[in-house]
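Contents: one structure, followed by commentary.
Read-outs throughout are calculated quantities, based only on the coordinates presented, and are distinct from any laboratory measurement. These numbers were taken from a predicted model, which means no experiment stands behind them. Cβ sites come from the backbone with ideal geometry, for glycine too, and all protein chains shown count toward neighbours.
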Ligand SMILES: [Zn+2]
């Protein structure tokens, strides 16, 4: 155990490539994994992140899943957009978006806010794609929320008045 830990990067002898999900091997005695299609990924033992050397993209891992770490608001907004789209095709409607607290500063300026003159009492409540947004501050499992980017609360049903038109504005 000790020896193999020294030989391989922190994620072990092989990982699924974050881009194509193919299993890719570690190069022994380095922190590098090599995908034949996507090139080199470097594990950072200090941050626990995997970095794609070519693009500079960062990922963190939870279980077998990689979560891209966003540095620009468009990146996380696009990922939420895609997840909403997928949920919709699965026959669900989202009722709330919960975004990891570490993105609060990054995305806050980009959230929709109710106009105060409507007087509907939720002028402070931010929205994204028409859905109420919360941040993960009250989560009991902080380590999970340090890896994942967001979660969607959903309910089954045909989304009759679901504001999907907003996605295409
Ligand atoms: Zn790949």
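Please find the FRET efficiency linking residue 22 to residue 137, where r is the Cβ-Cβ separation and R0 is fixed at 25 Å, and quote it to the nearest 0.05. Efficiency for this residue pair is about 0.10.
Here the mean projected area of the convex hull built on the C-alpha positions of the range 2-69 is 4.3 nm². Sorting 29-40, 7-18 by average packing, meaning the other beta carbons within 10 Å per residue, from highest down gives 7-18, 29-40.
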